[in-house]
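The values are calculated or read from the model by the stated rules, or taken from the named source; none is laboratory data. Keep in mind it's a predicted model, so treat the numbers as computed, not measured. Don't worry about glycine lacking a Cβ; one is built from the backbone with ideal geometry, like all the others, and counts go over all protein chains shown.
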Amino acid sequence: MKNKNRKGNSRLDLERYKMLVKSKRSQVAIFIIIAILLIVAIVIIYMFWKPPETRPDVSDPELYIKECVKDNAKEAISLVSMQGGYIDPELTLMYKGDNFTYLCYNQGFYKPCINQRPLLIEYEEEGITNYIKKNVSECFLSLKEGLEDAGYDVSMGELKLKTELQSKRAVVTAERKLTVTRGGAARSFNSFEVKIATPLYELSEIAMEIVNQEAQYCNFENLGFMIIYPSYDIRKNNVDGSLAYIVRDVETQQEFKFAVRGCVMPAGL
């Protein structure tokens, strides 16, 4: 009898164990399904949810315009630095996935290159100004709408933009008469000046020196230049007869890229 009872108890324990395992498996499966549904829901929300549109902070119109000018000017400076001083380059050399704008070029053989942009810095200043003008104008209009929604009367004059590259910085000035009035109290703004730290002026001067020497001597001794001016790293790479130059400011790591083609020897010589 005892053996029969033991066998019966063993079978009962086995059945209970099987049921417990099935129950745990079912719980795990449920948890997995719930986790999958949560992940899918998060993905759907992320794909289709749009953040609410933010209105400009009308409490400080000067700060709002300066931030707008600064953000757009930084973008323009980055483009100019990577494209040899140009916003929309035309004559370029493709090297490692980047377009290097020719600042000195001669399509033929033997002859030195011809300087394509003698007044490089002035050209860059004009390019930066033209690039940011539309967006800065839109910032003014957005600010005006925000102020009017808040109950202000707003009058604006003509917008004038100016960019000046200086040593270690760029100065961008937006001149526009802006008068904000509410309840008899008025505030007036005339000029919004922004200073951006950048070595673009120095990098452009070095690029012009390289171009001048390439145009005159068909060569630029970059290693000798770096010994005298260790603050800059200058690399040149031969690409099918052209030279791809990268001038880097060691401190900021900002680069200026451009290309040169001159004194090219025909293939086979």
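Mind checking whether some residue in segment 140-154 is aliphatic (A, V, I, L, M), closer than 25 Å to Asp240 by Cα and not in a helix (DSSP H, G or I)?
There is no residue in segment 140-154 that is aliphatic (A, V, I, L, M), closer than 25 Å to Asp240 by Cα and not in a helix (DSSP H, G or I).
What number of residues within segment 125-159 satisfy the criterion of being surrounded by 15 or more Cβ atoms within 10 Å (Cβ to Cβ) and either free of Cβ contacts under 8 Å to residues at least 12 places away in the same chain or among the acidic types (Asp, Glu) (or both)?
Number satisfying all stated conditions: 1.
Suppose the filter is of a type outside the set (D, E, K, R), touching a residue at least 12 places away in the same chain (Cβ under 8 Å) and under 18 Å from Ser78 (Cα atoms); does Val250 pass it?
Yes: the conditions hold for Val250.
Starting from segment 84-109, take each residue that is without any contact (Cβ under 8 Å) to a residue 60 or more places away in the chain and under 18 Å from Ala215 (Cα atoms) and list its partners that are assigned to a strand (DSSP E or B) and not charged (D, E, K, R), counting only C-beta distances under 7 angstrom and pairs at least six apart or across chains.
Between residues of segment 84-109 that are without any contact (Cβ under 8 Å) to a residue 60 or more places away in the chain and under 18 Å from Ala215 (Cα atoms) and residues that are assigned to a strand (DSSP E or B) and not charged (D, E, K, R), the close pairs are Leu91/Thr101; Leu91/Tyr102; Leu91/Tyr105.
So that you can scan it fast, the table gives a plain yes or no per residue for (1) of a type in the set (A, V, I, L, M, F, W, C); (2) under 26 Å from Lys160 (Cβ atoms):
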site: Val194; (1), (2): yes, yes
site: Ala197; (1), (2): yes, yes
site: Phe225; (1), (2): yes, no
site: Lys236; (1), (2): no, no
site: Asp240; (1), (2): no, no
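Looking at Leu63 and the list (1) free of Cβ contacts under 8 Å to residues at least 12 places away in the same chain; (2) part of a loop (DSSP other than H, G, I, E, B), which single condition is not satisfied?
The number of the failed condition is (2).
Which of the residues that make up segment 160-176 are farther than 18 Å from Leu63 by Cβ and either at pLDDT below 95 or surrounded by fewer than 18 Cβ atoms within 10 Å (Cβ to Cβ) (or both)?
Lys160, Lys162, Glu164, Gln166, Ser167, Lys168, Arg169, listed by residue number.
Restricting the search to segment 103-139, which residues are assigned to a strand (DSSP E or B) and either touching a His at 6+ places or on another chain (Cβ under 8 Å) or under 29 Å from Val171 (Cβ atoms) (or both)?
Correct list: Leu103, Cys104, Asn115.
Could you tell me which of the residues Gly224, Gly184 is in the same structural domain as Thr129 (by TED's automatic domain parsing) and out of contact with any Pro (no Cβ under 6 Å at 6 or more places or on another chain)?
Gly184 is the lone residue from the list that is in the same structural domain as Thr129 (by TED's automatic domain parsing) and out of contact with any Pro (no Cβ under 6 Å at 6 or more places or on another chain).
Within segment 221-240, can you find the residues that are part of a loop (DSSP other than H, G, I, E, B) and surrounded by 14 or more Cβ atoms within 10 Å (Cβ to Cβ)?
If the condition is that a residue be part of a loop (DSSP other than H, G, I, E, B) and surrounded by 14 or more Cβ atoms within 10 Å (Cβ to Cβ), then no residue fits.
Looking at segment 238-269, which of its residues are among the polar types (S, T, N, Q) and under 25 Å from the mean Cα position of the chain (by Cα)?
Matches in segment 238-269: Thr252, Gln253, Gln254.
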